[in-house]
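The values are calculated or read from the model by the stated rules, or taken from the named source; none is laboratory data. Everything quoted here is computed from the prediction, not taken from an experiment. Here the Cβ positions follow ideal geometry from the backbone for every residue, glycine too, while neighbour counts run over all protein chains shown. Side chains included, ligands, DNA and RNA excluded: accessible areas come from the protein's heavy atoms. Shrake-Rupley method; radii C 1.70, N 1.55, O 1.52, S 1.80 Å.
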Amino acid sequence: MADFDFDAVVVGAGAVGLASGYALSRRGLVVAVLEAGPIIGEGVSARNSEVVHGGLYYPTGSLKARLCVQGRRALYAFCDSHKVAYDRCGKLVVATSPAEVERLDAILLQAQTNDVEGMAHVGKAQALAMEPELYCDAALISPQSGVFDSHGYMLALQGEIEAAGGAVVTSTPFEGASPLAGGGWSVRAGGEEPTTLTCRILVTAPGLSAQAVAATIEGFPTPTIPLLHYGKGVYFRLSGKAPFSRLIYPPPIHGALGTHYRRDLGGQAVFGPDLAYVDTLDYSVDPARATSFYEYIRKFWPGLPDGALNPDYAGIRPKLHGPDEPQPDFRIDGPAAHGMENLVTLFGIESPGLTSSLAIGEEVCARLDL
Ligand SMILES: Cc1cc2nc3c(=O)[nH]c(=O)nc-3n(C[C@H](O)[C@H](O)[C@H](O)COP(=O)(O)OP(=O)(O)OC[C@H]3O[C@@H](n4cnc5c(N)ncnc54)[C@H](O)[C@@H]3O)c2cc1C
């Protein structure tokens, strides 16, 4: 058997790359995670809602449905065992019009089909008793939804990989790989001291660079690389006291879960993200977008004071669909998809990728028959 520098190389030290590295480490493999940036977790994993999703909406039989629920259960257990902070605050899906009230039944049915625990209808009076500042005609409660410290989580994953003898190497971009004659990979890593290393298994989890990275793998069937679309979402932060203790979500919009409310672990109220298709990785927040936020939020929080919303941050989703196309599933492509042994390429890991990350790592291993 060939002697490799590492059993596995993972490209990208975001939540998904690190969780994949952790899953491989748990199978006794020595893993190197290569990260282009100077620190871990500064990509999509740093620009999101940090919500632990229940797994309510995803279509039956999809990876998102299965991996979100499995990932969420695994994530809370991981946070417990690694002392990562979270608040399983629960979430209300709120309907503020007759049309939205009608949608709640379908959401509840899908959530129950997805095996989401504890879902139930909540009447108007009951919702008001739970959250006195809320306006809604009806709601659903998802007790398993929450918020968590995603950076603490990623640091804990890094610690696990290193404790198993692996390495998480920053400022080291993956620049391409070639299959070795006897199996395995020769990997070109850049940075200040460019090098070549060998491994048996290669996993690519580079978020917004997934398509570009796959194209640098020699022999990769490029027609299988999906188109990339950028789905930008901005957030506004509230000055003043957080009005609700639970997450508040209107029913989803096409292509995203919709602008929602969360109280972060610091106790502050944050609203977002909206969705706009963009052509560049521009993370600025246009203050003018506040107008639509006020209008939207006041449907479920009529008491939102004028001038209370401040532009905060933006994130960009690595989408595989355009504005009018159906939203596809995660792509976790193993040999059956691209025909190359010991390779898994991930595409389109947008929400609920953070919640699902531990289960995605397990799925990566399953694609490799590990
Ligand atoms: C606005 C928004 C809100 C969201 N909210 C939630 C939420 O509340 N809950 C949830 O579950 N999910 C949410 N998501 C989705 C979640 O954030 C992502 O699915 C997840 O963070 C993706 O992680 P990743 O590791 O795949 O990507 P990333 O975190 O982007 O990691 C990829 C890493 O690869 C590195 N990289 C790129 N190219 C190379 C290269 N050539 N060599 C080496 N390294 C490279 C990058 O620098 C980066 O660090 C949200 C996403 C967005 C955009």
Can you give the angle from 0 to 90° between the axis of helix 63-82 and the longest principal axis of the chain, with both taken from C-alpha atoms, to the nearest 10? 90
On a C-alpha basis, how far is the centre of the range 206-267 from the centre of the range 276-302 in Å? Whole number, if you could? 14
Per-residue accessible area for residue 229 at 1.4 Å probe radius, Å² rounded to 10? 50
In nm, to one decimal, how far is the modelled label at residue 282 from the one at residue 264, with both set 7 Å along Cα→Cβ? 2.4
Go through 333, 312, 324 and list them by solvent-accessible area, largest first, probe radius 1.4 Å. 324, 312, 333
Hz values of 3J(HN,Hα) by residue in the range 3-20 - Karplus curve (6.51, -1.76, 1.60), Gly and Pro given as x: 9, 9, 5, 9, 5, 9, 10, 10, 9, x, 9, x, 4, 7, x, 5, 5, 5
Divide, for the range 157-241, the radius of gyration over alpha carbons by 2.2 N^0.38 Å, where N is the residue count. 1.47
Place the peptides 65-75, 170-180, 99-109 in order of packing, highest mean first, counting for every residue the other Cβ atoms within 10 Å and averaging per peptide. 65-75, 170-180, 99-109
Relative contact order, percent, the range 117-166 [alpha-carbon distance under 8 Å, six or more residues apart]: 36
How high is the relative contact order of the chain? Use alpha-carbon pairs under 8 Å, at least six apart in sequence, and give a whole percent. 24
Calculate how steeply helix 353-367 sits against the longest principal axis of the alpha-carbon atoms of the chain, using the helix alpha-carbon long axis, and give the answer as 0 to 90 degrees to the nearest 10. 30
When only C-alpha pairs under 8 Å and at least 6 residues apart count, what is the relative contact order of the range 300-369, in percent? 28
What's the carbon and sulfur percent of the range 91-143's accessible surface, probe 1.4 angstrom, rounded to a whole number? 59
Accessible area, probe 1.4 Å, largest first, for residues 340, 154: 340, 154
I'd like the FRET efficiency for residue 175 and residue 126, computed as 1/(1 + (r/R0)^6) with the beta carbon distance as r and R0 of 41 Å, rounded to 0.05. 0.15
Whole number in Å², please: accessible area per residue of the range 148-248, 1.4 Å probe, ligands, DNA and RNA not counted. 40
Using alpha-carbon coordinates, inclination of helix 98-113 to the longest axis of the chain, degrees: 40
Ranking by accessible area, most exposed first, for 286, 264, 137 with a 1.4 Å probe: 286, 137, 264
Between the range 35-78 and the range 308-325, what is the C-alpha centre distance in whole Å? 16
